[in-house]
Structure formats: C-alpha cells, structure tokens
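Asker: Pasting in a structure now, in structure tokens, and then I'll have a few things to ask.
Bear in mind these aren't lab numbers, they're just calculated from the coordinates by the rules spelled out. Remember, predicted model here, so these are calculated numbers, not experimental data. Every residue, glycine as well, gets a Cβ built from its backbone with ideal geometry; the counts of neighbours run over all protein chains shown.
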C-alpha cells in the first residue's frame with residue numbers, strides 16, 4: 001500500500017474545533033489534518049492522532065466502511081421494494097410504482113433506516129476501536145493518547161459519556177471515556193512489560 005498523503009485543512013477560520021480523517025479512495029486517498037490540531041496540540045498528541053488515521057489507511061477502513069454502507073442500503077431498498085410490492089394490491093395501488101404508494105415507501109424507508117442505523121454505527125465504532133488499538137500499539141504513548149482525547153473532546157464539545165441507548169443508536173466513535181479507558185489499559189500493559 002502506498003503511503004498516505006497528508007493535507008492540512010483550514011479549520012481555524014470557522015472556529016476552534018480540531019480533527020483528522022482519512023478521505024478519498026484510490027489515488028485520491030489522503031489524511032486530512034486540521035490546522036487547529038497542528039497548531040494547538042503538542043507533537044506527541046499529533047503523533048497519536050496521525051497514528052490512528054494511518055491505521056485507518058493501512059487497514060483499508062474507508063473502503064470497508066463504504067462496502068458495509070452500500071450493503072445496508074441495498075438491503076433497505078430491497079426490503080422497501082418488497083414491502084411496496086406486497087402492499088400495493090391490498091392498498092388498491094395499480095403497481096408498486098403507483099405514486100399513491102409514496103407515503104408507504106417513505107414510512108418503509110424511515111423504519112428500515114432506523115433499524116440499520118445502529119448496525120452502521122456499530123461497524124464504525126468497531127473500526128475506530130481497531131484504529132485506536134493500532135495507534136496505541138505503534139506509538140506506545142497512552143498518556144499522549146489520553147491527553148489528545150481529552151483535548152479533542154473539549155474542543156469539539158464531545159459528550160464524554162453518552163447514554164448507552166444514544167451511543168448504541170447513533171455514535172460512530174466510542175465515547176471519550178471508553179477511549180481513555182482503553183488507553184489506560186494499554187498503559188498498564190506497557191508498565192507490566194517494562
């Protein structure tokens with residue numbers, strides 16, 4: 001795999017938030033790092049954030065995530081089509097393509113979307129945990145990881161400990177508290193091997 005290009009994004013014009021992300025596919029793939037992260041985080045914290053993003057890059061998380069999203073969309077559209085087909089006769093529609101079925105289609109897509117959203121969120125959290133573990137293993141800097149998570153949480157106004165239901169339904173990343181606990185565990189393991 002080709003090393004990822006790193007580009008700096010101008011976030012400072014719009015506020016104080018900081019972030020980094022893998023974007024693009026194929027030759028357009030790059031790691032985007034906010035100027036606010038580079039200017040307000042110490043080098044060791046920037047390093048763990050970049051290690052996290054490089055883990056996403058190295059493990060092809062973006063294409064895998066897109067594949068899962070595509071599969072879920074196909075399932076949703078297939079089930080919505082089947083629902084319209086099954087209901088068109090009893091509802092007096094001429095066919096599933098009858099415009100009178102639009103409210104049913106909207107209802108089916110909404111319901112199915114609510115069912116698959118937690119699956120997509122769980123998949124995303126799985127990839128984020130994997131990238132966190134890789135970043136901690138490569139950098140061996142759990143203290144810097146904790147400090148970066150704390151700083152990112154403050155700057156981005158992240159909820160440190162969302163409710164279980166909220167996290168399960170919508171969160172694409174583990175909570176700040178969970179990520180810090182993971183780093184503390186890695187810190188204890190490193191201390192045990194030293």
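Asker: Would you calculate the convex hull of the Cα atoms in the stretch 52-117 and tell me its volume per residue in Å³?
Answerer: Dividing the Cα hull volume of the stretch 52-117 by its residue count gives 85 Å³.
Asker: Kindly provide the Kirkwood hydrodynamic radius of the stretch 25-139 in Å, to one decimal, from all pairs of distinct alpha carbon atoms.
Answerer: Numbers: mean 1/r = 0.0578 Å⁻¹.
One over the average 1/r among Cα pairs gives 17.3 Å for the stretch 25-139.
Asker: Rounded to the nearest whole Å³, what is the per residue volume of the convex hull around the Cα atoms of the stretch 81-194?
Answerer: Normalising the Cα hull of the stretch 81-194 by residue number yields 136 Å³.
Asker: Still on this structure, I have one more. How many angstrom lie between the Cα centre of the stretch 87-115 and the Cα centre of the stretch 11-68?
Answerer: 40 Å
Asker: Sticking with this structure for a sec: In nm, what is the difference between 0.36 nm times the number of residues separating residue 60 and residue 137 and their Cα-Cα distance? Intermediate results must be reported in sequence, preceding the final value.
Answerer: Details: separation 77, 0.36 × 77 = 27.72 nm, distance 1.79 nm.
Extra length from residue 60 to residue 137 when fully extended: 25.9 nm.
Asker: Report, to two decimal places, the Cα Rg of the chain normalised by 2.2 N^0.38 Å (N = number of residues).
Answerer: Normalised Rg, Cα atoms only: 1.30.
Asker: A follow-up question, please. If neighbour count is taken as other Cβ atoms inside 10 Å, put 10, 98 in order from fewest to most.
Answerer: With the sparsest Cβ surroundings first, the list reads 10, 98.
Asker: Now a separate question. So how do 109-122, 43-56 stack up, highest first, on mean other-Cβ count within 10 Å?
Answerer: The peptides rank, most packed first, as 43-56, 109-122.
Asker: Before rounding to the nearest 500, sum -39500 (n - 2.57) across all DSSP H runs of length at least 4 in the chain and divide by the residue total; then give [θ] at 222 nm in deg cm²/dmol.
Answerer: Result for the chain: -22000 deg cm²/dmol, rounded to the nearest 500.
Asker: Which distance in nm do the two modelled labels at residue 166 and residue 12 give, with both placed 7 Å along the Cα-to-Cβ direction?
Answerer: Rounded to a tenth, the inter-label distance reads 3.2 nm.
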